[in-house]
1. Starting from the Cα of residue 176, draw a straight line to each of the aspartates and glutamates and keep only those under 12 Å, dropping any in the same chain fewer than 8 residues away.
2. Using 1/(1 + (r/R0)^6) with R0 = 30 angstrom and r between the beta carbons of residue 555 and residue 457, what's the FRET efficiency to the nearest 0.05?
3. First check a/c for the range 279-335, with a ≥ b ≥ c the square roots of the eigenvalues of its C-alpha gyration tensor; if it is under 1.5, answer rounded, and if not, answer prolate when a/b is larger than b/c or oblate otherwise.
4. What nm value, rounded to one decimal, do you get for the distance between residue 440 and residue 386 when each label is placed 7 Å out toward the C-beta?
5. Give the lysines whose C-alpha is closer than 30 Å to that of residue 546, dropping any in the same chain fewer than 8 places away, or say none.
6. Measuring from centroid to centroid over Cα atoms, what is the spacing of the range 244-258 and the range 1-80 in Å?
7. Can you compute the modelled spin-label distance between residue 450 and residue 596, with each label point 7 Å from Cα toward Cβ, in nm?
8. If Lys and Arg each add +1 and Asp and Glu each add -1, what is the summed charge of the other residues whose beta carbon sits under 10 Å from the beta carbon of residue 83?
Amino acid sequence: MTAEILLPTLPFHEDEVTQGYFARIGHFHAGVDVGRFCRYTALPLTAFRDGTDEFVANVAALSGGDLDRLRRNTLRRLPDDQFLFREETLSVAVLRRTTVHFCPQCLAEDQARNPELGQGACRLRWSWLLRPVVSCPVHDTELVECPEPDAVKAFDLTLLRARNEALLRAKPPVGKHQAGCLHRYVVARLEGQRNVAAWLDGQPLAQAVKACEMLGALLANGPTAEIGDYTDIDWANAGDVGFGICSRRAEAITHSLLAIRQTSGRRSGRTGPQAVFGLLYRWLEYTARPEEAGPIRNLLREVILSSFAIGPGEIVLGQKVERRIVHSVNSLKAATGLNPKRLYRLMLKAGMIPANTNDEALNQWVFPAEAGEDLIARILNSVPQNHLKGLLGCSKTQAEQLAAAKLVTSVVPVEEGDVGLSVGAYNRDEITSFLALVCSHAESGAEESEGFLDLTRVSKGRSSTVEVIRWQIEGQLKHTRLIGAGHRIDRLRFSLAEVRVLARARAGTDLHRLTVVADRLGLTLLAVKQLTASESGEPLLPLVPKEDCVGRQGAAYVSTAAIEKFLTSYASLSQVAKLMGVHPKTASIVLEGRLSPVSHPSAAGIRLYHRQDIETFLSRIDAAGGAGIGRPQKGQTHEEKGLNCSESAEIGSFGEIDASIR
C-alpha cells in the first residue's frame, strides 16, 4: 500500500493520541490491526512505537491531516526513557506502558455517534495514558484496565478489546469516581495551562506528579504507608492530598513537613529523619536517579537540617552538611562539655525548649545552633545576682533594685520577685556596657566636692536608686562626676541640686499614693484597697500600671483621672446623707429597697451608689415635695456640700513622693 490519502478521510480529534488515530485508520480502511497496518504502509514498528518524524509524516500522508497538529498529539520517545507529548516531557513514572485504561461508556458513545466508521470509531484518549487519570470526567466512573505488555498493540483499542473480551465481561461494573484535583491539573498542563500552581508549574510534569503522590501518601497514611500495595485509586487519592499542599507553593510544603516533625514522637532518642518522614525520605534518599526527584528533595533536606541536630560533615539526602543549623541538648553538651541536665534547664528557662518536656529525649528538641552557642558563651561569662554588686560597684539592695527594674538583665529569664544568692546569670560584658552607658555623661577625673553625693545619699529621702540611674542614662543629670579611674557606680557623684529639681518636677505628676486617695475620697485606706482589688471583675478604682511606677516607693498608685472618674460615678452612703441632709442611718433606711448599692466594695464596710441613680432618686423626691428629709435649699449646690468633683489637689497633698523634698 502506498502513502497516499485514504478516502474517505477519518476525522482526527484533539483528545486522541496520534498512534491511536493511526490504528483507527488501519481498522477503517484495511480492516487490520495496527501491526499489520504498519507492514502495509512499510512503516517500521519502532517508528510507530517511538513516534518518530517518519511516523508522523506517514500519518499525515494517509489522512491528509495537519502535520503540526498530528505531531503535537504524538507520544514521542526520547533518550533515557523520557517521552515528549504536547510539549511536555514525561517519564515512565507518569505514563502507563504495560496496561491500557479506557472508559467503556465513552467508547460506546463513539460507536453510537459514528456507526458508519465501524471498527474505526473508537478513539484512544491521550489522557487515558496518564497514571494520575483513573476516572472518566464525563461519566464520573473508574476507567477499565486491561494488561498489554506490547507497546505497539497497546495503542490499538479495537484489538485490545477483542483479545480481552472474556476478561472484560468478567469484570464487575465500574464504580463511581470523580476526577481529582491532580487529575485535572495534569490534563490542564497538557492542554497548555500553566497558571494553576506556580511551584508545580516550574517542574517537569513527572516531578510534579511524583512530589504530590509521595507527600500525599505520607500525609494521608503516615511514614510507614505500604505504598507497594497501592492501587491506582490509592495513588490518585494520595496525589490529591499532596496537590492540596504543593499547589500552595514551597512554603506550604515546608510548613507541612515541619508539622509532621512536630507531631512525631520524641520519647525515643533514635527517632531520626527516616522514622519521621518514612516513605518520602526513603524515596529521596535511595532513588537511583536523585536528579529526577526535583525541588522537593531540597525542601525536605532543609526541614531535616532545621529539625534534627545534624553536624557538619554528615551526609543528608546525598549532600554534605556544611554547617550546623540547630543544636539539641546532647549536641550542645558535646560542644561545650556542660552537664546535659544543666543545659536542659538553661534552655528551658531561655524559652528555647518548650515547657513540660521532661519525658522527651534530650536529642529531640532542637534550637538555633548560633543562638544556643551564644547563650552558653554568655552564661559561662556571667555571674549570679549575689556577685552583681561587685561588678556594678553598689550595694546588694541597689543591685537587686536595678535587676528588678530590668536596667541590668539576666541572660536567662528570672521569675518575677526572684532574688537570692544564685538567681540569674548576668553577663560580664553586658554589665561593662551598662556601666559605660551610665558613666558616659559623667565628667571624668573629678575630685570629691561639696554638693555632690554618691548614689545612696543623693537618693535617700527624695528619689530611688532606679530613678537616679535612669536620669543619668537619659542625660538629665548633666553635672555628674566620675571619681577615679574605671566605670563603677560607687565612683559616681551626683549633683544634689539637680536631683532635687528633678524630684520636685516629678512630684507634680498626677500619681497618688493610696493614703492620699483615701483622704481625697473621704474613705478608709481599707476601703480604697478594696476598691482597687480586681478579684471579682474590673476594679472600681484602677491602679496605675506597675511599669509607670518604676522608681517610686511602692507600686500602688492611682491617677488623678481615675479619682475624678470615681467621684463623678459613685457616692458613698455618708455623701448621699449629706446631699439628703439627714443622718447616714436615716439615709440608709430611706434607700433600703429603693436603690441597690454597688455590691463590690461591701466587704470593706462601705456602701457605694451610682451617682446617677442617686441624682435621679433625689429628683423624684424633690418633685414629690420631700424637702422634709433635709434636701439642700434651692441655689445651694452639691459642691457647697463638700462634693466638688473637679477640684484639683495641691502638690503638697497629691504630689507625694518617696519622702520629703529637702
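Read the figures in this text as sums done on the coordinates, not as results from a lab. Quick caveat, the model's predicted, so the values are computed rather than measured. Because the Cβ atoms are built from the backbone with ideal geometry, glycine has one as well, and the counts that use them run over all protein chains shown.
1. 140, 142
2. Values: r = 24 Å, r/R0 = 0.81.
Plugging the Cβ-Cβ distance into 1/(1 + (r/R0)^6) gives 0.80.
3. Values: a/c = 2.66, a/b = 2.35, b/c = 1.13.
Taking the square roots of the gyration eigenvalues as a ≥ b ≥ c, the range 279-335 is prolate.
4. Going by the 7 Å Cα→Cβ label model, 3.4 nm.
5. Residue 546 reaches 349, 389, 396, 406, 460, 478, 529, 565.
6. 43 Å
7. Simple spin-label model gives 6.9 nm for this pair.
8. Working: positive: 76, 77, 97; negative: 50, 81, 88.
Result for the neighbourhood of residue 83: 0.
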